[in-house]
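Colleague: Handing you this structure, nothing more for now.
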Amino acid sequence: MCGIVGYVGEKQALEVVVAGLRRLEYRGYDSAGVAVISDGRLEIRKKAGKLANLETLLGQDPLPQSTTGIGHTRWATHGGPTDHNAHPHVSADGRVAVIHNGIIENFAELREELQSRGVELASETDTEVVAHLLAEAMPDSDLAQAMQAVCHRLEGAFTLVAMDPHDPTTVVGARRSSPLVVGLGEGENFLASDVAAFVEHTRDALELGQDQIVVLRADSVQVLDFDGAPVEAKPFSVDWDASAAEKGGYELFMLKEIAEQPKAVADSLRGRLDAQQRIRLDETQIDDGVLRQISKVVVIACGTAAHAGMVAKYAIEHWTKLPVDVELASEFRYRDPIVGPDSLVIAISQSGETMDTLMALRHAKDQGARTLAICNTVGSTIPRESDAVLYTYAGPEIAVASTKAFLTQIIAAYLVGLYLAQARGAMFEDEIRAIMQDLSDMPQKVDLVLDTVEPVRALAQEYAEAGSVLFLGRHVGYPVALEGALKLKELAYMHAEGFPAGELKHGPIALIEDGVPVIVIVPSPRGRSVLHGKIVSNIQEIRARGARVIAVAEEGDEAITPFADHIIRVPETPTLLQPLVSTVPLQVFACELATVKGHDVDQPRNLAKSVTVE
Ligand code: AGP
């Protein structure tokens, strides 16, 4: 949600900043803007719409050369996606340029206060108040001191990055609850919302903590708290290179990321068994003794990550006999969730920055719960604030619609479940090893799905004009149905809904009319065959009312053949692992349908990859 880049060094700042924005555009694409300092003045260009619009403007009205610059790509919150609401925002005296990610919750009162002092505001944004407040604080202090003073006045979540032409070789950043990382180069340094912006220049980075300010110069990086006291920042190094964040010959990031799933699953499983063939979770720092005392598990997550949590609920309850609640993070802290020292709260987040999940995590910690993050982004806030972390190794996920993150989140949550079962003695070791063996077969099975997925594209084209698509599943197939519907909504902008197949008759079956396509995730006939039988009955109920049934069914499940208009085959898989194969055709279906409709698949309308506001 908003991408931020800052640069100080020897290169042309504009080139570095625009290249960084290109890599961060998935965070928001309502507008883009840049600022550089030249001849003691701020020079700004900004434009509504995608980064390409800004690049056209820069072609028509070039910026002067400069080695210090900042840039922003926006996901609009306060004020529409217009040129004048685009960042950077500048103080009335032209002294400060600022870019921002997050929401300043007390902006209305700050705005009134500024207006009462005669300041005229040029935009509807919450960000602009910061530019004026910084300028007001500047006569008596430098930009870093002004930033400290202003941050004390702000409520909400924010990353701010600012420049002052009186100090043309410095960029100052600040963060509270929104992402900001430092890239450490040779004779140059970077600030960015995530490492993708600077990974082509350096893989050495610094994590910034809560309520910290960073003063960036070409040859130094100083980290301070909001009172100006120096702080030691934690270094880390990025374990992927710039090519991982490029399309690599694919037309779309989403297609590349779908294709990367076998590797992502394999990488997330690698090295998880020790010499005794027991599960090892290196990054988990919760003592086994504590895990033995846990009496419940609560998963907090949003969107796709919540669907991964719902899948994991079935497995963790089955393996550990512990109750598992899955909570949408945005709802969690606004009721009275019953969590405490005997609860293990698992926060699942690809980005590690989703504000709803972060706030739910903090709430759980306040109640004394033990917390564990499942995350794909090293150095991000959610793992940093959790007692323990299990990283997924999906590599950077750039397409806004999540694909490989989902599969690896399921893998990671399963590893946590098996680890819990092992620590608590809930399963025999040979049972755990057998499941690990099944898991190790999954990269090959996902590969097989990808090899045979072509007919799904034809099917998507056939249903491109459907008014709505329903998805049905039972057991672990239910969250897969929800995920299939979410993909279709966000990419194809179609009405799509996922239901537990047994629930349909309690109301939603009224939606079925002649020709409505219904995608049914069919449970394995070899697992709980009663589930298979029940879903066959559910299919009959909807076919009797005119539905066209597309079944996602296991190879060899011939019993389903008479009841489906189309069958998408997936390899035979143990019941609990079926989501790892049955989700993939649904991703391809949504991607193809969106392509047929001419939508921007990687950057769907109204969305942003990392949702850093509540
Ligand atoms: C799914 O395709 C979406 N991109 C969205 O639902 C996403 O999964 C959700 O916003 C959570 O993001 P996170 O995993 O980064 O926390």
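Colleague: Compute the Cα gyration tensor for the range 138-200, then decide on rounded, prolate or oblate, letting a ≥ b ≥ c be the square roots of its eigenvalues: rounded whenever a/c is under 1.5, prolate when a/b is larger than b/c in the other cases, and oblate in all that remain.
Modeller: oblate
Colleague: In addition: Let me make sure I get this right: for the range 186-317, a, b and c are the square roots of the gyration tensor eigenvalues over alpha carbons, sorted descending. Under 1.5 in a/c it's rounded, otherwise prolate if a/b > b/c, else oblate. Which is it?
Modeller: It is oblate, given that a/c is not under 1.5 and a/b is not larger than b/c.
Colleague: Taking the 0 to 90 degree range and rounding to the nearest ten, how far is the long axis of helix 51-60 tilted relative to the main principal axis of the chain, both from C-alpha atoms?
Modeller: For 51-60 against the chain, the angle is about 30 degrees.
Colleague: Also: The chain: percent of C-alpha pairs farther apart than 46 Å?
Modeller: Tail of the P(r) past 46 Å holds 19 percent of the pairs.
Colleague: Take the Cα radius of gyration of the range 479-520 and divide it by 2.2 N^0.38 Å, with N its residue count; two decimals is plenty.
Modeller: For the range 479-520, the normalised Cα radius of gyration comes out at 1.16.
Colleague: Using θ = phi - 60° and the Karplus curve 6.51 cos²θ - 1.76 cosθ + 1.60, what whole-Hz ³J(HN,Hα) does each residue of the range 27-37 get, with Gly and Pro shown as x?
Modeller: My calculation for the range 27-37 gives 7, x, 9, 7, 6, 9, x, 9, 9, 10, 10 Hz in order.
Colleague: To the nearest Å, what is the center-to-center distance of the range 441-470 and the range 21-48, using C-alpha atoms only?
Modeller: Computed from Cα coordinates, the inter-centre distance equals 39 Å.
Colleague: In percent, how large is the relative contact order of the chain, given Cα pairs closer than 8 Å and 6 or more residues apart?
Modeller: So the answer I get is 12 percent.
Colleague: Rank-order 253-259, 542-548, 518-524 by packing density, defined as the average count of other C-beta atoms within 10 Å over each peptide's residues, highest first.
Modeller: 518-524, 253-259, 542-548
Colleague: For the range 342-475, I need the span (max minus min coordinate) of the C-alpha atoms along each principal axis, in Å, sorted largest to smallest.
Modeller: 52, 40, 29
Colleague: How big is the dipole moment of the range 450-596 about its Cα centre under a simple scheme where the beta carbon of each Lys and Arg is +1, that of each Asp and Glu is -1, and everything else is neutral? Debye, nearest 20, please.
Modeller: 420
Colleague: Would you mind classifying the range 253-440 by shape? Square roots of the alpha carbon gyration tensor eigenvalues, ordered a ≥ b ≥ c; an a/c under 1.5 is rounded, otherwise it is prolate if a/b is larger than b/c and oblate if not.
Modeller: The shape class here is oblate.
Colleague: Moving on to the next point. Treat each spin label as a single point 7 Å out from the Cα along the C-beta direction, and report the Phe428 to Glu555 distance in nm.
Modeller: The two pseudo-label positions are separated by 2.9 nm.
Colleague: Once you keep just the Cα pairs under 8 angstrom separated by 6 or more residues, what percentage relative contact order results for the range 3-245?
Modeller: Reported as a whole number, the value is 20 percent.
Colleague: Now a separate question. Loop-only check: which trypsin sites (Lys or Arg not before Pro) in the range 299-401 are DSSP coil with at most 13 other Cβ within 10 angstrom?
Modeller: For trypsin sites (Lys or Arg not before Pro) across the range 299-401 that sit outside H, G, I, E and B with at most 13 neighbouring Cβ atoms in 10 Å, the list reads Lys321, Arg335.
Colleague: Ok, one more. Evaluate the Kirkwood expression for the hydrodynamic radius of the range 450-596, namely the inverse of the mean inverse distance over all pairs of different C-alpha atoms, and round to one decimal in Å.
Modeller: After inverting the mean inverse Cα-Cα distance, the result is 14.8 Å.
Colleague: Sticking with this one: By how many degrees, between 0 and 90 and to the nearest 10, does the Cα long axis of helix 13-24 differ from the longest principal axis of the chain?
Modeller: 20
Colleague: Sticking with this one: Once phi is turned into θ = phi - 60°, what whole-Hz ³J(HN,Hα) does the Karplus curve with 6.51, -1.76 and 1.60 give for every residue of the range 526-533, x standing for Gly and Pro?
Modeller: Working through the residues one at a time gives 8, x, 7, 5, 4, 5, 4, x Hz.
Colleague: Please give me the summed charge of the neighbours of Gln578: other residues whose Cβ is under 15 Å from its Cβ, Lys and Arg +1, Asp and Glu -1.
Modeller: Cβ neighbours under 15 Å give a net charge of -1.
Colleague: Starting from the range 298-334, pick out the chymotrypsin sites (Phe, Trp or Tyr not before Pro) whose DSSP state is loop and whose Cβ has at most 16 other Cβ atoms within 10 Å.
Modeller: Tyr334
Colleague: Between the alpha-carbon centers of the range 500-573 and the range 99-172, tell me the distance in whole angstrom.
Modeller: Computed from Cα coordinates, the inter-centre distance equals 57 Å.
Colleague: Can I ask one more? State, as an integer percentage, the relative contact order of the range 253-440 based on alpha-carbon contacts under 8 Å between residues 6 or more apart.
Modeller: Taking the mean separation of contacting Cα pairs over the length of the range 253-440, I get 30 percent.
Colleague: If we count every other residue with Cβ under 14 angstrom of Arg433's Cβ, Lys/Arg +1 and Asp/Glu -1, where does the sum land?
Modeller: -3
Colleague: Shifting gears a bit: Which order, highest average first, do 272-280, 75-83, 300-308, 173-181 follow once you tally other Cβ atoms within 10 Å for each residue and take the mean per peptide?
Modeller: Ranked from most to least packed, the peptides come out as 300-308, 173-181, 75-83, 272-280.
Colleague: Still on this model: Packing-wise, with mean Cβ within 10 Å as the measure, how do 136-146, 96-106 rank, highest first?
Modeller: The most tightly packed comes first, giving 96-106, 136-146.
Colleague: Something else: Within 10 Å of each candidate Cβ there may be at most 16 other Cβ atoms; applying that plus a DSSP loop requirement, which GluC sites (Glu not before Pro) in the range 205-246 survive?
Modeller: Glu232, Glu246
Colleague: Sticking with this one: Counting helices only, and only those DSSP H runs with n ≥ 4, report the 222 nm mean residue ellipticity of the chain as the sum of -39,500 (n - 2.57) divided by its residues, in deg cm²/dmol to the nearest 500.
Modeller: After summing the helix terms and dividing by residue count, I get -10500 deg cm²/dmol.
The numbers here are math on the coordinates, done by the rules we state, and not lab data. Everything quoted here is computed from the prediction, not taken from an experiment. Positions of Cβ are generated from backbone atoms using ideal geometry, with glycine treated the same way; all protein chains shown enter the neighbour counts.
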